[in-house]
Amino acid sequence: MNNFTTLLAKETKALFTSPIAYVLIAVFLLLMGYTFTAYLFISRAATLIQSVFQASILLLLIVPVITMRLFAEERRNGTLELLLSSPVQEIEIVLAKFLASMSVIVVMLVLTLAYPITLQIFGNPDWGPVYGGYIGLLLLSGALVAIGLAISALTANQIVAATVALGVFLLLWMLDSLGSLLPDPFDIFVVNLSLTAHFTPFATGALFLSDFGFFSTLILLGLLLSVRALARR
């Protein structure tokens, strides 16, 4: 546990001492703030549904930038072999990098809590979609980080890792549209693999166990692939 705590602190410090984290947080908040303000003045509706969907799209673009360097940079700098030879298990390395990456996203989402607070002060928002939206964003972020982590563990170049991760994320996001073009029963199968199909209920305030299970499965699968990729080294 001491080794894991030390490793987690090291990974978190490495992310937050890099300007990349602060640039991503600033860009995320700038775009979210602009859209929230514009939509609020145009629609005059006390809702965050549009902002939650925009946050999900931004996460598809931001997470590859966060995860691309987690293993690829270690491999490029020659420190991955040193890390693997230290008295820590592969699962501890993967979990430390996963939780450190999630901490950046949690900071982003916590700073956006100003939006529902503003709605509560000046209006009467429906808190169901607000709670569901933030739960959905956390689960979506966890799934994206886990997948991006696995891709970074399988590649040796940061740009390649980011490009492949972005392509996979966009494909998973658009699968519901592609599934509608397929004949039955393939359409249902493909749609059920879509991130959009499982995220939308959260954004509208509907919580289903199947959606929790879908994102949990993606997280576990991504972490397992990362561990297996390290074990082969």
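The values are calculated or read from the model by the stated rules, or taken from the named source; none is laboratory data. Bear in mind the structure is a predicted one, so any value in this text is a computation, not a measurement. Don't worry about glycine lacking a Cβ; one is built from the backbone with ideal geometry, like all the others, and counts go over all protein chains shown. Just the protein is used for accessible areas: all its heavy atoms, side chains included, with ligands, DNA and RNA removed. Shrake-Rupley method; radii C 1.70, N 1.55, O 1.52, S 1.80 Å.
Computed quantities for the displayed model
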| read-out | value |
| --- | --- |
| Test: residue in region 2-17 that is touching a residue at least 60 places away in the same chain (Cβ under 8 Å), crowded, with 17+ Cβ neighbours inside 10 Å and farther than 17 Å from residue 107 by Cβ | yes |
| In region 96-111, the residues that are open to solvent by 10 Å² or more (accessible area, probe 1.4 Å) and of a type outside the set (A, V, I, L, M) | 98, 103 |
| Candidate set from region 112-164 (those that are hydroxyl-bearing (Ser, Thr, Tyr) and open to solvent by less than 70 Å² (accessible area, probe 1.4 Å)); member that is nearest to the chain's Cα centre (by Cα) | 141 |
| Tabulated pairs, region 44-58, first farther than 10 Å from residue 199 by Cβ, second part of a helix (DSSP H, G or I) and open to solvent by 50 Å² or more (accessible area, probe 1.4 Å), C-beta under 6 angstrom, 6+ apart or interchain | 50/39 |
| Candidate set from region 169-210 (those that are in contact (Cβ under 8 Å) with a residue 60 or more places away in the chain and not in a helix (DSSP H, G or I)); member that is most open to solvent (accessible area, probe 1.4 Å) | 207 |
| Contacts under 6 angstrom Cβ, first residue in region 85-103 being in contact (Cβ under 8 Å) with a residue 24 or more places away in the chain and of a type outside the set (A, V, I, L, M, F, W, C), partner buried (at least 22 other Cβ atoms within 10 Å of the Cβ) and not in a helix (DSSP H, G or I), 6 or more apart | 97/70 |
| Residue in region 72-86 that is modelled with pLDDT of 90 or more and open to solvent by 40 Å² or more (accessible area, probe 1.4 Å) present | no |
